[in-house]
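Peer 1: Dumping the structure here so I can ask a few things about it.
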Amino acid sequence: MMKIKTILFLSILSILTAQVGPVKALHRNPPRAWALTNAAIHVAPGKTIENGMVVMWDGMIKSVG
């Protein structure tokens, strides 16, 4: 019986302490690199790269392909 109470207590404790909101430090420390994948990139009129990737570093586009 004690084992069941312990498991129940730990289960309830883990549910109550679970992170349910966004990470607050992310707003103060945003990632420096982003990669947009599986994108349709329109390079020129009539020319499109399907399933492409755009890599951005410090807010600037570094590579496209």
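Peer 1: Which of (1) at pLDDT 80 or above; (2) surrounded by 10 or more Cβ atoms within 10 Å (Cβ to Cβ); (3) polar (S, T, N, Q) is the odd one out, the single condition Asn38 does not satisfy?
Peer 2: Evaluating Asn38 over (1) at pLDDT 80 or above; (2) surrounded by 10 or more Cβ atoms within 10 Å (Cβ to Cβ); (3) polar (S, T, N, Q) leaves (2) as the failure.
Peer 1: So the check is Cβ under 7 Å with 6+ separation or different chains; which pairs have a first residue in segment 14-38 that's under 30 Å from Glu50 (Cα atoms) and among the charged types (D, E, K, R) and a second one that's in a strand (DSSP E or B) and modelled with pLDDT of 70 or more?
Peer 2: The qualifying pairs are Arg32/Trp57.
The values are calculated or read from the model by the stated rules, or taken from the named source; none is laboratory data. From a predicted model like this one, the values you see are computed outputs, not experimental measurements. Methodologically, a virtual Cβ is constructed for each residue, glycine included, from the backbone with ideal geometry; neighbour enumeration extends over all protein chains shown.
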